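Since the structure comes first, as structure tokens, the remarks are kept for the end.
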Amino acid sequence: MLHKAISFAALLATLTLSSFSAPAQGPDLNFLNHNEPMLDAHNCYPYEGHWTDRIQRALNSGFPVSIEQDLAWYVDPATGKGSVVVSHTPHPTGKEPTLENYFFKQVSPVVERIIAENKQSQWPLIVLHFDFKDNQAALLEAVWQVLGQHEGWLSTAAKTSDPGKLSPIERRPILVVTEEADEQQKAFYDALPVGGRLRLFGSAHTHPTPMNMTKEQVVHWAVNVSPKELLSEKPTNYRRWWNSSWYAVEEGGAPGAGDWTEADNQRLRALVNHAHTMGYWVRFYALDGFAPAEDQGWGMSYNFGSHEAVVVRWKAAIAAGVNFIPTNQYEELATYLKQDAKELRPASSAANGK
């Protein structure tokens with residue numbers, strides 16, 4: 001999709017700093033939402049044609065907001081042409097929407113309004129979070145090209161000659177993050193020349209699971225290993241956030257969780273504080289709480305079983321400063337967060353006839 005020329009020109013006119021010449025620095029956690037928590041709209045895409053309104057629901061929850069898109073590579077057997085699709089499986093059927101149509105076209109009116117408002121200190125207002133279902137080269141290259149078509153919207157940073165030196169991220173309406181795979185770093189960072197623009201930022205490597213442990217032993221280890229051991233590598237110019245399972249907070253994660261305790265709360269705070277001290281934004285996936293009859297394609301993997309059980313954890317995550325709080329219950333979590341910019345929401349704009 002091509003942006004409207006007037007909007008792109010207006011955006012360029014707002015840029016007063018040259019990020020290419022900006023000096024490298026340490027992590028700037030305040031860049032993103034003043035280092036405060038935000039809603040992470042988990043699995044924000046349709047499954048098998050159902051729940052197609054998830055992006056609109058996420059955008060209507062308020063800003064800033066993080067939107068997760070799971071990506072796969074579909075090759076049309078009739079034409080041999082491949083495309084990036086939003087899919088919960090690495091084996092798409094061709095019925096899935098493309099990343100371009102499902103995400104970028106839907107957020108386009110919102111981004112245009114963000115640019116028109118020109119409140120740069122609030123940018124980025126949308127985080128686009130990729131969860132790749134596989135790391136084949138064709139998929140990674142195609143995603144890079146899609147992002148290139150929208151680079152004027154993206155918060156980017158210059159590649160430094162030393163990966164340990166972090167260049168400042170230039171504020172734009174959208175920040176794109178992806179996860180830890182080394183194949184992604186090779187495609188999205190290593191392949192860039194020094195001075196090239198990073199279009200997306202990876203997560204820290206996950207601590208390897210100890211060998212020769214039973215499942216029960218691994219679950220127990222995850223919640224008892226020290227934060228310093230769990231997250232030991234420093235941020236790099238490419239890797240700027242930490243994506244951790246809730247299994248590191250409560251033994252057994254959501255399926256095995258009991259009552260929320262002060263010990264659980266202290267564990268959560270210790271993990272968050274360590275990540276922030278290291279210089280990472282942090283995410284713990286995922287936090288749902290609903291009865292089986294309320295399931296809207298969310299699944300039970302992250303379900304604490306009731307609204308009351310998840311609310312106490314949402315509040316604890318907010319108080320601890322978890323940057324990305326992922327849930328499938330977008331509207332419910334949003335009521336506990338500082339969700340600003342109501343005039344940017346699609347529902348508000350529709351009501352005003354825009």
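One table, with the values for the structure above:
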read-out	value
Positions within the range 36-60 being crowded, with 20+ Cβ neighbours inside 10 Å and not hydrophobic (A, V, I, L, M, F, W, C), in sequence order	PRO37, ASP40, HIS42, ASN43, TYR45, PRO46, ARG54, ASN60
Enumeration of residues in the range 317-337 that are without any contact (Cβ under 8 Å) to a residue 60 or more places away in the chain and either within 20 Å of ARG57 (Cα to Cα) or touching a strand residue (DSSP E or B) at 6+ places or on another chain (Cβ under 6 Å) (or both)	GLN329, GLU332, THR335, TYR336
Scope the range 30-50; condition among the polar types (S, T, N, Q) and in contact with a strand residue (DSSP E or B) (Cβ under 8 Å, 6 or more places away or on another chain); matching residues	ASN35, ASN43
Condition check for VAL322: at pLDDT 90 or above, open to solvent by less than 40 Å² (accessible area, probe 1.4 Å) and more than 20 Å from the chain's Cα centre (by Cα)	no
Residue match in the range 179-191 (condition: within 20 Å of the chain's Cα centre (by Cα) and assigned to a strand (DSSP E or B))	no
Conditions (1) open to solvent by 60 Å² or more (accessible area, probe 1.4 Å); (2) farther than 20 Å from SER244 by Cα; (3) at pLDDT below 95: number failed by ALA291	(1)
Any hit, the range 80-87, residues being open to solvent by 30 Å² or more (accessible area, probe 1.4 Å), among the charged types (D, E, K, R) and farther than 23 Å from LEU147 by Cα	no
Residues satisfying the stated conditions in the range 332-354, i.e. modelled with pLDDT of 80 or more, assigned to a helix (DSSP H, G or I) and within 20 Å of LEU32 (Cα to Cα)	LEU333, ALA334, LEU344
Filtered residues of the range 172-183 (kept if open to solvent by 10 Å² or more (accessible area, probe 1.4 Å), over 24 Å from ALA116 (Cα atoms) and not small (Gly, Ala, Ser))	GLU179, GLU180, ASP182, GLU183
Odd one out for PRO124 among (1) out of contact with any helix residue (DSSP H, G or I) (no Cβ under 9 Å at 6 or more places or on another chain); (2) crowded, with 23+ Cβ neighbours inside 10 Å; (3) not hydrophobic (A, V, I, L, M, F, W, C)	(1)
Test: residue in the range 204-212 that is closer than 17 Å to TYR285 by Cβ and touching a residue at least 40 places away in the same chain (Cβ under 8 Å)	yes
Hits in the range 294-315 (condition: in a helix (DSSP H, G or I) and either open to solvent by less than 10 Å² (accessible area, probe 1.4 Å) or free of Cβ contacts under 8 Å to residues at least 40 places away in the same chain (or both))	GLU294, HIS307, GLU308, VAL310, VAL311, ARG313, TRP314, LYS315
Near pairs, Cβ below 9 angstrom, 6+ apart or cross-chain, from the range 121-142 (within 16 Å of LEU71 (Cα to Cα) and without any contact (Cβ under 8 Å) to a residue 24 or more places away in the chain) to any residue that is surrounded by fewer than 16 Cβ atoms within 10 Å (Cβ to Cβ) and acidic (Asp, Glu)	none
Subset of the range 234-258 (residues that are outside any strand (DSSP E or B) and in contact with a Pro (Cβ under 8 Å, 6 or more places away or on another chain))	PRO235, THR236, ASN237, TYR238
Selection count, the range 109-138, where residues are part of a helix (DSSP H, G or I) and under 26 Å from TRP281 (Cα atoms)	7
Total residues in the range 261-288, condition crowded, with 22+ Cβ neighbours inside 10 Å and part of a helix (DSSP H, G or I)	4
Failed item in (1) open to solvent by 10 Å² or more (accessible area, probe 1.4 Å); (2) under 23 Å from SER108 (Cβ atoms); (3) of a type in the set (Gly, Ala, Ser), with SER155 passing the rest	(1)
Breaking point among (1) at pLDDT below 95; (2) farther than 30 Å from ASP28 by Cα, for HIS307	(1)
Flag if GLU141 is in a helix (DSSP H, G or I) and more than 28 Å from PRO27 (Cβ to Cβ)	yes
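The values are calculated or read from the model by the stated rules, or taken from the named source; none is laboratory data. In this text the structure is predicted, and so the values were computed from the model without any measurement. Cβ atoms come from the backbone with ideal geometry, glycine included; neighbour counts cover every protein chain shown. The area values use the complete protein model at the heavy-atom level, side chains included, leaving out ligands, DNA and RNA. Shrake-Rupley method; radii C 1.70, N 1.55, O 1.52, S 1.80 Å.
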